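Report on the following structure.
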Amino acid sequence: MLYKRNPQLNKHGELVHLLSVEGLPKATLTHILDTAANFVSVNDREVKKVPLLRGKSVFNLFFENSTRTRTTFEIAAKRLSADVINLDIARSSASKGESLLDTIANLSAMAADMFVVRHSESGAPYLIAQHVAPHVHVINAGDGRHAHPTQGLLDMFTIRHFKKDFSNLTVAIVGDVLHSRVARSDIHALTTLGAAEVRVVGPKTLIPSDLSHMGVRVCHTLEEGIKGCDVIIMLRLQNERMSGALLPSMHEFFKSFGLTPEKLLLAKPDAIVMHPGPINRGVEIDSAVVDGKQSVILPQVTFGIAVRMAVMSIVAGNEADSRGSK
């Protein structure tokens with residue numbers, strides 16, 4: 001049955017956890033995007049609240065730092081009227097040697113309804129999802145190099161908002177793909193939603209060797225990678241995850257793979273430029289592009305709140321089957 005194959009779904013095929021974009025059917029992704037579209041207008045209200053999670057407790061567990069993602073999850077939960085608890089992991093029992101599952105068990109005993117988890121170890125949200133009660137939901141806010149599903153979904157929402165349809169789009173994902181969980185989530189989402197061509201662009205040292213099975217075209221020059229593109233997704237250089245000399249210098253990287261107004265002319269005239277943030281101006285992208293008319297980087301942030309509201313409301317509305325969730 002479906003729920004046995006995918007731990008994110010219950011026996012009816014409904015989303016009860018969001019752990020990865022990979023493996024989710026197109027209908028599920030489209031349902032999230034459609035639901036998010038209904039929440040965008042909440043930002044424009046005088047009272048920016050809806051009661052869908054009233055009485056629910058959402059615990060933000062960020063074992064890795066992230067201002068943007070944690071803040072947008074907190075705003076999303078509060079706009080759904082949930083009670084939000086932000087754990088200070090640096091001062092929590094986890095820093096004193098308590099295991100991840102013991103931390104989760106203790107927080108569950110405090111009547112947690114949802115865990116939003118960011119962790120440096122790939123698979124941590126999956127482990128948590130296997131050990132929570134059927135009524136508790138887990139959302140992956142980024143795990144290791146594996147996945148960042150809500151970022152992938154907000155990227156898809158942004159693309160659909162500006163380009164309407166995926167079927168004729170050529171999308172380039174540029175930069176440090178090797179260390180990017182965002183890139184993997186974007187690739188899975190784009191291929192599932194039917195993008196015409198997905199290109200992965202970067203130096204050989206920053207491109208994984210196992211991308212061919214994901215149905216992407218690998219390009220090792222920026223010029224080839226963005227020529228005729230409809231969408232360009234620039235990635236941050238993740239120096240904190242690099243080991244060894246993968247790049248000669250930041251200057252050389254920008255010279256070869258930095259997006260400048262001149263290079264942007266190779267893409268289609270109406271191409272949009274995206275970036276998951278935080279942005280390193282002058283390293284992966286020129287300030288003139290960040291602030292230019294083709295940039296949709298700030299709308300991405302705004303749409304991120306609506307997408308996270310959609311994910312939270314959808315999983316909270318679906319009960320896990322007790323046999324399928326363990």
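The values are calculated or read from the model by the stated rules, or taken from the named source; none is laboratory data. Keep in mind that this is a model prediction, so the values were computed, not measured. Cβ coordinates were reconstructed from backbone atoms using ideal geometry, including for glycine residues, and neighbour counts include every protein chain displayed. Surface areas here come from the heavy atoms of the whole protein model, side chains and all, with no ligands, DNA or RNA. Shrake-Rupley method; radii C 1.70, N 1.55, O 1.52, S 1.80 Å.
Which length gain, in nm to one decimal place, applies between Met110 and Ala27 when the Cα-Cα distance is subtracted from 0.36 nm times their residue separation?
Numbers: separation 83, 0.36 × 83 = 29.88 nm, distance 3.46 nm.
Between Met110 and Ala27, full extension yields 26.4 nm more.
Using helices alone, I'd like the mean residue ellipticity at 222 nm for the chain: each DSSP H run of four-plus residues gives -39500 (n - 2.57), total over residue count, nearest 500. Write out the running numbers ahead of the final one.
Details: 12 runs with 116 residues, N = 326.
When only DSSP H runs of four or more count, the value is -10500 deg cm²/dmol.
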Problem - Paramagnetic reach from Ile279 (point 7 Å along Cα→Cβ, amide N under 18 Å) across the range 69-89 - result: 69
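Could you report the chain's accessible area per residue, 1.4 Å probe, as an integer in Å²?
Numbers: 13900 Å² over 326 residues.
Result: 43 Å² per residue.
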Handout entry: Backbone HN-Hα couplings from phi across the range 21-37 [Karplus 6.51/-1.76/1.60, Hz, Gly and Pro as x]
Key = 6, 4, x, 7, x, 4, 4, 5, 4, 5, 4, 5, 5, 5, 5, 4, 4
Practice task
Quick one: which residues, 5+ away or cross-chain, put their amide H under 5 Å from the amide H of Val138? H built at 1.01 Å from N.
Solution key: Leu18, Phe115
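Rounded to two decimals, what ratio of Rg to Rh does the range 202-311 give with C-alpha atoms and a Kirkwood Rh?
0.97
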Practice task
Report ³J(HN,Hα) in whole Hz for each residue of the range 250-260, in order, from the Karplus equation J = 6.51 cos²θ - 1.76 cosθ + 1.60 where θ = phi - 60°; Gly and Pro get x.
Solution key: 4, 4, 5, 4, 4, 4, 8, 10, x, 8, 10
Problem - 12 Å Cα-Cα reach of Lys204 towards aspartates and glutamates, excluding residues that sit fewer than 8 places from it in its own chain - result: Asp176
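Counting only protein chains, not ligands or nucleic acids, how are His275, His146 ordered by accessible area (probe 1.4 Å), most first?
Values: His275 5, His146 60 Å².
Output order, biggest surface exposure first: His146, His275.
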Completion exercise
Residues whose modelled amide H sits under 5 Å from the amide H of Leu169, counting only those 5 or more places away in sequence or on another chain, are Ala196, Glu197
Fill in the blank from the handout: Scalar couplings 3J(HN,Hα) for the range 164-171 by Karplus 6.51 cos²θ - 1.76 cosθ + 1.60 (θ = phi - 60°), nearest whole Hz, x for Gly and Pro, are 6, 9, 8, 5, 10, 8, 10, 10
